[in-house]
Amino acid sequence: MIKNKRTLFSYTVMICMGLFAASSVKAEDITGAGSSFAAPIYGAWGDAVKQQSGLRVNYQSVGSSAGQDQVIAKTVDFGASDKPMSGERLAATHLYQFPTVMSGVVVVVNVPGVASGHLKLDGSTIAALYDGEITEWDDARIKALNPDIALPETEVAPIHRADGSGTSFVFTSYLSLVSPEWKQKLGAGTSIAWPGGAGARGNDGVAAMVRQTEGGIGYVEYAYAAQNHLTIARLKNHFGAFVLPTLKSFTEAVNAANWSSADHGAVSLLDMDGAGAWPIVTATFALVPTDIKDQKTAKAVHDFFVWGLEHGDAENIRLNYVGLPESVKKQIVENWPK
């Protein structure tokens with residue numbers, strides 16, 4: 001009788017170990033790092049993929065510059081950046097780059113007495129708020145755009161990214177496009193010589209600092225502004241209309257893009273024409289090694305992004321991201337490195 005119990009126990013242990021081993025084989029962990037702009041959607045895609053297949057995605061929001069550096073160093077399985085890499089650098093570092101989703105960069109403020117969606121700003125005024133020309137919120141240039149708002153004498157507190165940031169690249173590229181003075185003095189980049197203000201790390205850091213700083217102005221990906229219930233400014237677009245950031249206004253900018261001429265998917269979505277187009281829209285880009293030796297990991301990375309491209313639209317809409325055109329999705333999958 002004891003022998004039978006021991007035998008039964010042994011079989012039970014063997015079965016449990018077999019099941020554990022099977023689940024370990026089925027499950028796979030992949031790591032990614034980079035853009036904080038992309039973090040909400042990669043988190044949502046990752047949760048959905050884990051429920052369906054067991055694939056676990058560990059994504060670290062460390063900024064676009066760090067994301068590029070880490071995937072080049074092969075300390076992560078994929079990188080993410082809002083600033084696309086050039087074809088020459090992609091070839092030199094053995095990376096495959098492709099866009100995944102698009103959304104808007106929005107301007108958020110903390111101005112006493114000003115409600116979300118009421119303040120109107122244009123590109124040259126935003127540039128002046130950040131380069132130190134405008135120092136108080138009741139400045140004549142802001143009043144001219146907002147004659148119906150009682151603006152306070154509150155001091156302007158510009159807040160920018162302290163880390164190498166694709167969101168900063170997009171924001172400063174927009175300012176360089178609409179303000180010749182900004183382009184000449186400061187230009188565009190993931191990190192520039194900001195003339196003043198305070199720095200914060202990540203979109204979440206900028207959002208938190210604006211919320212805590214009276215007179216603050218910052219720029220963040222739309223999801224961070226919505227999640228933190230920040231006061232969002234209307235922006236004047238290329239058409240001349242003052243628009244709000246919405247999925248519809250992002251989509252109008254995306255639909256005006258010339259995808260056929262995009263170098264490695266690096267399409268421009270800034271200051272697009274269209275009556276309702278949001279002026280600061282960008283794609284975020286994934287970076288996948290083309291020389292990865294671990295085929296199991298390579299397949300897991302492939303499966304994650306193909307799932308997101310083919311089945312992630314519901315999550316995209318929920319988080320106010322715009323998915324890619326079907327023709328672009330198809331091209332990404334067809335060109336995936338073998």
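No value in this document is a laboratory result; all are computed from the given coordinates. Computed from a predicted model, the values in this text were never measured in an experiment. Here the Cβ is made from the backbone with ideal geometry for all residues, glycine too, and neighbour counts use every protein chain on show.
Structure above, values below:
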read-out	value
Lysines whose Cα lies under 30 Å from that of K236, excluding same-chain neighbours fewer than 8 positions away	K83, K120, K143, K183, K185, K248
Alpha-carbon centroid distance for the pair region 248-312 / region 139-176, whole angstrom	27
Orientation-averaged projected area, Cα convex hull of region 105-281 (nm²)	9.5
Burial ordering of L319, L145, fewest other beta-carbon atoms within 10 Å first	L145, L319
Residue exposure sequence - K183, K74 - by fewest surrounding Cβ within 10 Å	K74, K183
Residue order, fewest to most beta carbons within 10 Å, for H238, H118	H118, H238
Backbone HN-Hα couplings from phi across region 221-237 [Karplus 6.51/-1.76/1.60, Hz, Gly and Pro as x]	5, 3, 4, 5, 5, 5, 5, 9, 6, 7, 7, 9, 8, 6, 10, 7, 9
Region 195-247 and region 68-96: distance between their alpha carbon centers, rounded to Å	28
Against the rule of thumb 2.2 N^0.38 Å, how large the Cα Rg of the chain comes out	1.15
Rounded to the nearest 20 debye, dipole of region 105-281 from Cβ charges on Lys, Arg, Asp, Glu	260
Two-site label geometry, E133 and W259: point separation in nm, points 7 Å out along Cα→Cβ	3.8
DSSP loop GluC sites (Glu not before Pro) with at most 16 other Cβ within 10 Å: longest gap in the chain	1-132
Relative contact order for region 245-302, counting Cα pairs under 8 Å that sit 6 or more residues apart, in percent	29
Percent RCO, i.e. relative contact order, over the chain, from Cα pairs under 8 Å lying at least 6 residues apart	24
Helix 2-26 axis, angle to the chain major axis (alpha carbon atoms, nearest 10°)	40
Relative contact order computed over region 105-281 (Cα-Cα under 8 Å; 6+ residues apart), in percent	28
